[in-house]
1. Step by step: first the residues of segment 40-87, then only those that are among the aliphatic types (A, V, I, L, M), in a loop (DSSP other than H, G, I, E, B) and at pLDDT 90 or above, then the one that is most open to solvent (accessible area, probe 1.4 Å). Which residue is that?
2. Among the candidates 95, 101, which residue alone is of a type in the set (S, T, N, Q), at pLDDT below 90, touching a helix residue (DSSP H, G or I) at 6+ places or on another chain (Cβ under 7 Å) and not in a loop (DSSP other than H, G, I, E, B)?
3. Which residue, of 31, 12, is of a type in the set (Val, Ile, Thr) and modelled with pLDDT under 95?
4. Could you grab the pairs with beta carbons closer than 8 Å, sequence gap of 6+ or different chains, first residue in segment 53-75 and in contact (Cβ under 8 Å) with a residue 40 or more places away in the chain, second one surrounded by fewer than 14 Cβ atoms within 10 Å (Cβ to Cβ) and in a helix (DSSP H, G or I)?
5. For residue 18, which of the numbered conditions (1) open to solvent by less than 60 Å² (accessible area, probe 1.4 Å); (2) part of a helix (DSSP H, G or I); (3) touching a strand residue (DSSP E or B) at 6+ places or on another chain (Cβ under 9 Å) fails to hold?
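The values are calculated or read from the model by the stated rules, or taken from the named source; none is laboratory data. Predicted, not measured: the structure shown is a model, and the values here were computed from it. Positions of Cβ are backbone-derived with ideal geometry, glycine not excepted, and every protein chain shown enters the neighbour counts. Heavy atoms of the whole protein, side chains included, go into the accessibility calculation; ligands, DNA and RNA do not. Shrake-Rupley method; radii C 1.70, N 1.55, O 1.52, S 1.80 Å.
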Amino acid sequence: MHRDTPSDKVETRRLEEVARIKGRLIVAKLTLSQIDKDYSLPAGTAGNAIHEPHLAGERAIAAALKTRPHLLWRTRYHADGERRSPQPAGNYRWQRRADAQEAA
């Protein structure tokens with residue numbers, strides 16, 4: 001029987017987190033580019049913040065959704081709302097690519 005490795009579980013949790021946030025944005029009829037403009041962020045910041053840790057992008061998305069960042073990104077924050085420092089390597093795209101190359 002196939003067992004998920006710890007990195008598979010982390011990746012699954014991260015993907016579920018991204019899907020949940022994107023779903024909330026759709027329901028609220030918000031776009032990431034609109035959030036960038038509304039919160040005076042460089043183009044693409046909110047889009048990158050969905051997939052990788054970016055404090056300003058996370059705060060803008062959370063504000064647009066009228067919530068707090070730690071309630072959206074459970075992998076990036078402790079339960080008490082404090083941001084993880086340093087961020088887990090699995091939260092970065094470059095780390096996931098490196099892990100995929102090693103597995104191949």
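1. Of segment 40-87, the ones among the aliphatic types (A, V, I, L, M) are 41, 43, 46, 49-50, 55-56, 60-65, 71-72, 79.
Next, from what is left, pick out any that are in a loop (DSSP other than H, G, I, E, B): 41, 43, 65, 79.
The next check asks that each one be at pLDDT 90 or above; those that pass are 41, 43, 65.
Details: 41: 34, 43: 102, 65: 21 Å².
Among those residues, the one meeting the criterion is 43.
2. Working: 101 fails: touching a helix residue (DSSP H, G or I) at 6+ places or on another chain (Cβ under 7 Å).
Checking each option against the conditions leaves just 95.
3. Values: 31 fails: modelled with pLDDT under 95.
Matching residue, one of 31, 12: 12.
4. 72/20; 74/13; 75/13
5. Condition not satisfied by residue 18: (3).
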